[in-house]
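Notes to accompany the following structure.
The values are calculated or read from the model by the stated rules, or taken from the named source; none is laboratory data. The structure presented is a predicted model; accordingly, all values stated were derived computationally and were not measured. Counting neighbours? That spans all protein chains shown, and the Cβs are built from the backbone with ideal geometry, glycine included. Remember, those area values only see protein heavy atoms, side chains included, never the ligands or the DNA or RNA. Shrake-Rupley method; radii C 1.70, N 1.55, O 1.52, S 1.80 Å.
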Amino acid sequence: METKGNGNAASGRMVIDSISKSYGMGPLRQKVIQDCSFTLEPGKLTVLIGPSGCGKTTIINLLAGYEEIETGSISIDGKPVKGPGGDRLVVFQETALFPWMTLMQNVTFGPRMRGGRNSREIEGDALSLLQKVGLGDFRDKYPTQLSGGMQRRAELVRALINSPRVMMMDEPFRGLDAMTRELMQEYYIRLFEEHRITNLFVTSEIEEAIFLADRLVIMSYRPAQVRTVMEINLPRPREFSMLTSKEYLQYKKDALEILHEEAMKAFSTGTATCVADFLEAYSEIEEKK
Amino acid sequence: MSGRNKNSNSLGKLGKSIFNISFYRGVVAIIASLIFWEFAARVHLPVIGMIPAPSAVAGSLSSLIFTGYYWESWYVSFERVFSGFVMAQIIGIPVGLLMGMSRKFRDLGFPILEVLRPIPPLAWVPASVIFWPTPQMSMVFVTFLGAFFTTVLNILGGVSNIDIRYIRSARSFGASNKDIFWRIVLPATLPSLCTGMTVGMGITWEVVVAAEMIASRSGLGFLTWRSYVAGDYPVIVIGMISIGIAGYISSSIIRLLSGRATPWLKII
Ligand SMILES: Nc1ncnc2c1ncn2[C@@H]1O[C@H](COP(=O)(O)OP(=O)(O)O)[C@@H](O)[C@H]1O
Ligand SMILES: [Mg+2]
């Protein structure tokens, strides 16, 4: 695909500098994000990991410009982020394909809105991307006619066709069965390695996180802060066979130690529900360890 | 993947064959009840035997059907229903959209709506006969009310239930306010509008028939009522069945249009 949009591999550096965000009014007001800082490097895949409810979706909403930060700053390639823009596209936690549009209409929505190119050209690009993720035969189907995995792939394509500088994926494979999930990870990592668009990938699964990441940002529990940043120096292209390599297992062990520490901290300082949430999120991982 | 496709096709066929079985069952049920009804009338069963027999109704119908009076009643009622209904959509859709999209309009309009809505349209008959210069206009107005509130409330509900993520992604993709209105808000609200129209169409027929009995000298409602006053019992039955058929035709039209307007809902 041509990169006629905003992006190319060399741009898309996002600097997130001590941002904060609270929700609620009066006594119910609570800080969800506090002094959170990290950087998305151009052409790199950063994975944000943290237990459910820690504020990952909130961070995406702030980065996308859907909600406003209270303090701190967010910039992309040196320019402060103000409101939503085509340079930062989000693939939401659950499908957000427009149900009233066919697959083709969904995928071409961005280019059509930006204008400037004729529709045959746009559809050509869309079709070749759809074919790449195995959806070429489904161009005239409505989203409800597709399986969960197909919807997720369609959404990837719908964002990718705009060549954004940054793509943000909010737990995109959550709720898919294990087989589909693995297949989706493979499609996703291939698309990323081919296009090298700066990516932020949010997940609560440690294995998925390390398999995909160039850089792993581990969040603390509420109020969410960056606990640790780990550089993952596994070679690319990534293969599932790496899941048994010594390096991979070492990364996993290190990450789990930190996550376990967080769970303990939450246990000694947090409220009962907060601890319960945290332990539930990581009990499975702890068992495996 | 193609397996899934085939699957949904064969499900479609299954649906059709069920429809056929249902259809024939329906025909059998109607014929059986006609036979029972004829029998009941002939042997003078209590209550149901008081209704004129199908044969008597058929006899009456065979002469009524050639009168202008009968068909004019159809025409007049249809005209009232559709004028009122179309007016209700023309005014109700923008009002619902405005209230759904603007907090200010919602704050202003909602209390008024909620006070007026519980008043049954028929309670408006006396007032509207006084206010409107012609009986036709007052009939249409009362019919209008029957569909208006349903349309406004359904659109309002539809707009406020739009998934915020649709609007957010559209914004990110560079859609202007105008694009968001025409390509997101409107299609997202369409299913609620269709529901509102189906319900509204049912209400308009109820309203128009009752209003014609009270305050009009024409239409299917009046035809039925006049036959009662004149003691022409078979025509009462003809009037009732005609109203049923007219309502069915009207809601079929709405269903057909709804299906055309929301193709993405039909296939699941
Ligand atoms: N719009 C909102 N209003 C009030 N509270 C919110 C809102 N969005 C998120 N929250 C709260 O912020 C916390 C973090 O939510 P979220 O970012 O969705 O977490 P995650 O995506 O990590 O599961 C949760 O406790 C949630 O209840
Ligand atoms: Mg979330």
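Side notes on the structure shown:
- Surface share of carbon and sulfur [accessible, 1.4 angstrom probe, percent] for the protein assembly as shown: 62 percent
- Across the range A:56-200, Cα-Cα pairs farther apart than 27 Å form 21% of the total.
- P(r) weight above 21 Å for the range B:97-168, C-alpha pairs, percent: 40 percent
- Helix B:220-230 vs. chain B, principal-axis angle (Cα, 0 to 90°, nearest 10): 20 degrees
- Expressed in Å, the radius of gyration and Dmax of the Cα atoms of the range A:41-103 are 13.7, 41.
- Shown here for the range B:152-258: chymotrypsin sites (Phe, Trp or Tyr not before Pro) in loop regions (DSSP other than H, G, I, E, B) with at most 13 other Cβ atoms within 10 Å, of which there are none.
- The angle between the Cα long axis of helix B:54-64 and the longest principal axis of the Cα atoms of chain B comes to about 80 degrees, rounded to the nearest 10.
- Cα lying deepest toward the dipole's positive end in chain B, options B:Val43, B:Trp264, B:Ile238, charges on Cβ: B:Trp264
- Size of electric dipole in the range A:65-115: Cβ of Lys, Arg +1 and of Asp, Glu -1, about Cα centre, debye, nearest 20: 320 debye
- Counting only the Cα atoms, the protein assembly as shown fills a convex hull of 227 Å³ per residue.
- Taking every protein chain into account, the accessible area of the range A:146-252 amounts to 36 square angstrom per residue (probe 1.4 Å).
- DSSP beta bridges in the protein assembly as shown [antiparallel fraction, %, rounded to 5]: 50 percent
- Protein accessible surface hidden between B and A, which excludes ligands and nucleic acids, total in Å², probe 1.4 Å: 2500 Å²
- C-alpha center-to-center spacing [the range B:209-241, the range B:100-142] in angstrom: 26 Å
- To the nearest ten degrees, helix B:68-101 and the longest principal axis of the Cα atoms of chain B are 20 degrees apart.
- Rounded to the nearest 20 debye, the dipole size of the protein assembly as shown about its Cα centre is 1040 debye, using +1 on the Cβ of Lys and Arg and -1 on the Cβ of Asp and Glu.
- Just so you know, the averaged projected area of the alpha carbon convex hull for chain A sits at 15.6 nm².
- Residue (of A:Val157, A:Thr58, B:Phe23) at the positive-pole extreme of the protein assembly as shown, dipole from beta-carbon charges: B:Phe23
- Surface calculation, 1.4 Å probe, protein heavy atoms: B:Tyr69 sits at approximately 80 Å² accessible.
- Over the C-alpha trace of chain B, radius of gyration and Dmax come out as 23.3, 75 angstrom.
- Unit charges at the beta carbon, dipole of the range B:91-191: most positive-side option, B:Ser160, B:Ser172, B:Val140: B:Ser172
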